[in-house]
4 protein chains.
Amino acid sequence: MSLENKFPGKDISIEDIKTKFPLAAKKNKNHKSRFKISGVEFGSNQIPIFAGPNMVESEKLILNCAKNLKKIGAHFLRGGAFKPLTFPYRSKKYTETREEGIEWLKRAKEEYNIPIITEIMEEKYIDLICDVADILQIGSRNMQNFPLLTECAKSGKPIMLKRHYGASLRDWLGAAEYLLVEGNKKVILCERGVSVPHTHRSTSRFLLDLQVIPAAQEITHLPIVSDPSHATFWRDWVSPMSLASVAAGADGIMLEVHPDPKNSAVDPLQPINFKDFKILLKKMDKISKTMGKFIIKGR
Amino acid sequence: MSLENKFPGKDISIEDIKTKFPLAAKKNKNHKSRFKISGVEFGSNQIPIFAGPNMVESEKLILNCAKNLKKIGAHFLRGGAFKPLTFPYRSKKYTETREEGIEWLKRAKEEYNIPIITEIMEEKYIDLICDVADILQIGSRNMQNFPLLTECAKSGKPIMLKRHYGASLRDWLGAAEYLLVEGNKKVILCERGVSVPHTHRSTSRFLLDLQVIPAAQEITHLPIVSDPSHATFWRDWVSPMSLASVAAGADGIMLEVHPDPKNSAVDPLQPINFKDFKILLKKMDKISKTMGKFIIKGR
Amino acid sequence: MSLENKFPGKDISIEDIKTKFPLAAKKNKNHKSRFKISGVEFGSNQIPIFAGPNMVESEKLILNCAKNLKKIGAHFLRGGAFKPLTFPYRSKKYTETREEGIEWLKRAKEEYNIPIITEIMEEKYIDLICDVADILQIGSRNMQNFPLLTECAKSGKPIMLKRHYGASLRDWLGAAEYLLVEGNKKVILCERGVSVPHTHRSTSRFLLDLQVIPAAQEITHLPIVSDPSHATFWRDWVSPMSLASVAAGADGIMLEVHPDPKNSAVDPLQPINFKDFKILLKKMDKISKTMGKFIIKGR
Amino acid sequence: MSLENKFPGKDISIEDIKTKFPLAAKKNKNHKSRFKISGVEFGSNQIPIFAGPNMVESEKLILNCAKNLKKIGAHFLRGGAFKPLTFPYRSKKYTETREEGIEWLKRAKEEYNIPIITEIMEEKYIDLICDVADILQIGSRNMQNFPLLTECAKSGKPIMLKRHYGASLRDWLGAAEYLLVEGNKKVILCERGVSVPHTHRSTSRFLLDLQVIPAAQEITHLPIVSDPSHATFWRDWVSPMSLASVAAGADGIMLEVHPDPKNSAVDPLQPINFKDFKILLKKMDKISKTMGKFIIKGR
């Protein structure tokens, strides 16, 4: 089969694979990265779940989430203390909690023994954030902030690299290569929705690109996580799109969960509550098991 | 919850629902159309499968497909005798078989007792095509060919309306309303991929929009089918995207199946063969059953 | 220069030019179609102007437009009697005038001696519309309605082929080839805006693609007209985008002009009035003259 | 006129203008920022021209450009010493020249007395770059790197903020607000092409969004520059799109010019040479004068 046939869209060539992102590319058809982070295996039959609020709003909120999400079955607690906000003005409620938020995450981790993933936006906070985070999250808007990528990679911490909502798979793998070239091997990709012509909008902001899951898995050995909450921006669609993500072969699922979604400090239309998270987890687990994978061990 | 909140993307308003497509819109939360076509139920717990070649290339091909696909478990045989081709020149192989193709479909139907879905492009062929088709297919490019929609609806035949690759859900429901307003109640929607910025391309032509499934089901009572073959244009991704379609809640699945995919007259990269269809059918059935639905009866 | 270099986006190959649309393609660098329609030259230094209301709302309106637009300097009167409307319901005001509208266009043409361009949507109206139209307009939604294209081409009438808002240049030239292959040589392309990710929306529905003007002129000898009214959907941007169209090398400009824009039956935000049309015509003429072209003869 | 009518696309509301970017928003219809940078006026009738190579490849190259571009009529010399590159590997030719490149820009500025614009990617280089730059350029990929924006703004240097190829006008003005809120008043916007569905590609990578020029000018008082070289990625289209930019009302034009385009270290298909720059400058000047503006003083 010719190259033309192999990659019909032609955005990625054999040459790219050899010279642009040789470390991100698979060495052979069955090549798949497999590694553990804080005892949770990635790239295997297990599908790790990341859950938590959009923002680390308060100590009380994050302790509540840590306790309940761990009990329900989440493998990682997510939550942003540092967050890129589109406009420079902050209301009392809608604000970054920064150093304080990191402190609260630390307490949640200690008290409930749940590993943490949180966003990093600036080189100067690497030490602070590495002190609590089990995984550093690079947000969509920083996907091509190459100096930041390099410094994060050098820290040795595992990294989750979110895809920019306007980025091709090619550009995304180029950014991942910046991490791998520093010797960091624990790199996870995360799809969180792409922007599409407004004529396509089914009344949401972004469209979760599930086709990128088999597309990425064809080319790279890195695990790829799906984040339906940010993509759909609409609570009611989180469940169908999470189940579809598992069925499409996602190597992990990231979800926004909040004890009181309507009063979430940001984007109150998108988080689900603890109860719905529990129901969804069971449904995802059922589907994963038809595929020889699992979310909840045993059974 | 305010309207603003109800439809965050704002493409569809309560006003639209009341005045632009009142017949396509749900009357209440649980409103769902349920009807039978040639003994197969739509809008229920069953997920009908449409399978067959892109084009009705020859009598031999279509009889072969009818026999085998029926045996494996397809509910409808698909295949185009009339087809919109982007350029006016035809090779010997890559050509519409038109009246002859319709004749072959008829023979396949009679011999193997499998219902037929095939595309209609012109008013003048309605009688000819209605003579064999159990469902008229309106292709993506004709989604807004309103005179054609009206005439097809008047025939009384069930209709599958494919979404244009650049159409919003709003425009799509507007086109469906043209069918419903003629009194035709057996209308099926079909998602077949949207065009996205080239920077998003995961190396394919279109992106299957699975988010439109819950989005459509929130607003309309019409069943919605997913067609992963045309969207992905790439055989290897058909299986994950079909499974994801079922998990996202699709009310039916349309697949391109060919006994010898590499020698398909058109788009040889996208059909799967009989063997892979059989495997996929079982996987889809398994997932459907975790959701309280089914593809294969019993078990 | 290699093919790769010649067409960096790779959507159009040398092979396409030779086998998919050989009649639409330029024979050499300086090849440009030049023909007259009702005394107005296309493909030369003259930039013909098409002006008129969106819909032929009434006899009075169209006679008023014919009289005034001719006097101001429009070369063709535009106006739709048949029009594809997204939803099937009509208010008293917002309705097609069909046969009656064609009759009114005829009277306007006879009384004020201005050539007519109007849309055709169905084969069965070809004779009716050819009786009055100097140019048949194929609308965006029918760009790939190939049976309609073929029948229109056979009529021998000049044809303006609008680009679908989701169509590539490649598909557009494929559609033009359907016209040329019937022996019809008076084919005009018309750009009217493409749909783009909602994140790009500068508060409009479509984005006028001016880059397609040099792109098309590099490959085809057919004249290409720009229609800023439909693209911008916003009166205030019509003037800058019309001037930009002339500067980008457009071979003609189509504008929506209405004596009382706010009371236009459709899209009241987009037409300009007679006075603004007159001012704009002079500005466009000035720019065209810096480029060795002209809109208004003499001076 | 209602808000709905004022902003038909609804991406920007009156509320946004008041609370999200009050400093970037116009105070009244005629509000327009007007300021001088190194003696060149922005926001007036003059249209400043930025010209130079993509990368500061060598001292010889940049001195050659400074000398010739100044003589031809460029107001600012552009050239990147620091540059975000999609992949981490560098060939000998295709590499950032970093501190050395900044040194060479300094020599060019001193020797030929031409003001400099160059890109900044990291906070730690602010002092180094401010030492030579008259304008700091924030590249497309850093448009929402908010900590970088804040630090650059604090330096007091004028800033050109390029639009991300996937950013809405709303997000862009949000980023500009981050600069203005620090008290920096010399902020310039720069449009450099947006990514569009591949079906629209007229064989280029990006589509220059000229509609955003009147759209931005309707809402903000900040000057807006157009960069046709990066958008078109294709030398032959730079001239028509530059002329169209001037006609659309651009407040400045940025061009990639190289003495030997085919041997440019990056993107050799896009720069024009000195001779073509001279011709284009005269054409742009002619068009600007039909609009009561000018590029070349006098005449």
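The values are calculated or read from the model by the stated rules, or taken from the named source; none is laboratory data. Just so you know, these numbers come straight off a predicted model, no measurement behind them. Ideal geometry is used to build each Cβ from the backbone, glycine not excepted, and the neighbour counts take in all protein chains shown.
Odds and ends about this structure:
- Residue within the stretch C:92-105 that is closer than 27 Å to C:Ala216 by Cβ and in contact with a strand residue (DSSP E or B) (Cβ under 7 Å, 6 or more places away or on another chain) present: no
- Residue satisfying all of: in the stretch A:17-68; touching a Phe, Trp or Tyr at 6+ places or on another chain (Cβ under 7 Å), under 26 Å from A:Val266 (Cβ atoms) and among the hydrophobic types (A, V, I, L, M, F, W, C); surrounded by the fewest Cβ atoms within 10 Å (Cβ to Cβ) among these: A:Ala66
- Annotation note: of D:Gly43, D:Gly52, the sole residue that is touching a Ser or Thr at 6+ places or on another chain (Cβ under 8 Å) and either closer than 25 Å to D:Ser288 by Cβ or within 14 Å of another protein chain (Cβ to nearest Cβ) (or both) is D:Gly43.
- Residue list for the stretch D:72-107, restricted to those being touching a Leu at 6+ places or on another chain (Cβ under 7 Å) and of a type in the set (A, V, I, L, M): D:Ile72, D:Leu77, D:Ala81, D:Ile102
- Which numbered condition A:Ala248 misses (of (1) without any contact (Cβ under 8 Å) to a residue 40 or more places away in the chain; (2) surrounded by 24 or more Cβ atoms within 10 Å (Cβ to Cβ); (3) in contact with a Lys or Arg (Cβ under 9 Å, 6 or more places away or on another chain); (4) of a type outside the set (S, T, N, Q)): (3)
- Every pair of residues 6+ apart whose Cβ atoms lie under 6 Å, when the first sits in the stretch B:129-144 and is under 14 Å from B:Pro84 (Cα atoms) while the second is assigned to a helix (DSSP H, G or I) and at pLDDT 95 or above: B:Asn142/B:Leu148; B:Met143/B:Ala175
- Condition check for B:Pro84: in contact with a Phe, Trp or Tyr (Cβ under 6 Å, 6 or more places away or on another chain), without any contact (Cβ under 8 Å) to a residue 24 or more places away in the chain and within 11 Å of another protein chain (Cβ to nearest Cβ): no
- Given (1) touching a Lys or Arg at 6+ places or on another chain (Cβ under 7 Å); (2) assigned to a strand (DSSP E or B), number of the condition C:Glu256 does not satisfy: (1)
- Qualifying residue in the stretch B:106-119 (condition: within 13 Å of chain C (Cβ to nearest Cβ) and either within 19 Å of the chain's Cα centre (by Cα) or of a type in the set (Phe, Trp, Tyr) (or both)): yes
- Extreme residue, farthest from the other protein chains (Cβ to nearest Cβ), among residues of the stretch C:251-269 that are closer than 19 Å to C:Asn68 by Cα and surrounded by 24 or more Cβ atoms within 10 Å (Cβ to Cβ): C:Val257
- Residue in the stretch D:182-200 that is modelled with pLDDT under 95, more than 7 Å from every other protein chain (Cβ to nearest Cβ), more than 14 Å from the chain's Cα centre (by Cα) and closer than 30 Å to C:Ala167 by Cα present: no
- Once the stretch B:151-178 is narrowed to residues that are in a loop (DSSP other than H, G, I, E, B) and of a type in the set (Ser, Thr, Tyr), the residue that is nearest to C:Leu85 (Cα to Cα) is B:Ser168.
- For C:Lys278, the conditions (1) surrounded by fewer than 22 Cβ atoms within 10 Å (Cβ to Cβ); (2) at pLDDT below 95; (3) more than 11 Å from chain D (Cβ to nearest Cβ) are fulfilled apart from (2).
- Residues within the stretch D:125-140 that are within 30 Å of A:Ser168 (Cα to Cα) and in contact with a strand residue (DSSP E or B) (Cβ under 9 Å, 6 or more places away or on another chain), tallied: 5
- Condition check for D:Glu122: away from chain A (no Cβ under 14 Å) and closer than 25 Å to A:Gly174 by Cβ: no
- Positions within the stretch A:136-166 being among the small types (Gly, Ala, Ser) and more than 8 Å from chain D (Cβ to nearest Cβ), in sequence order: A:Gly139, A:Ser140, A:Ala153, A:Ser155, A:Gly156
Yes or no, residue by residue, for (1) at the interface with chain D (Cβ under 7 Å from one of its Cβ atoms); (2) in contact (Cβ under 8 Å) with a residue 12 or more places away in the chain; (3) of a type in the set (A, V, I, L, M):
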{"position": "C:Leu207", "(1), (2), (3)": "yes, yes, yes"}
{"position": "C:Leu210", "(1), (2), (3)": "yes, yes, yes"}
{"position": "C:His221", "(1), (2), (3)": "no, yes, no"}
{"position": "C:Val225", "(1), (2), (3)": "no, yes, yes"}
{"position": "C:His230", "(1), (2), (3)": "no, yes, no"}
{"position": "C:Phe233", "(1), (2), (3)": "yes, yes, no"}
{"position": "C:Ser239", "(1), (2), (3)": "no, yes, no"}
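- Residue list for the stretch C:270-299, filter: assigned to a loop (DSSP other than H, G, I, E, B) and either of a type outside the set (S, T, N, Q) or over 14 Å from C:Gly52 (Cα atoms) (or both): C:Pro271, C:Met291, C:Gly292, C:Lys293, C:Ile295, C:Ile296, C:Lys297, C:Gly298, C:Arg299
- Members of the stretch A:120-150 that are part of a loop (DSSP other than H, G, I, E, B) and either among the basic types (Lys, Arg) or farther than 17 Å from D:Asn142 by Cβ (or both): A:Asp131, A:Val132, A:Ala133, A:Asp134
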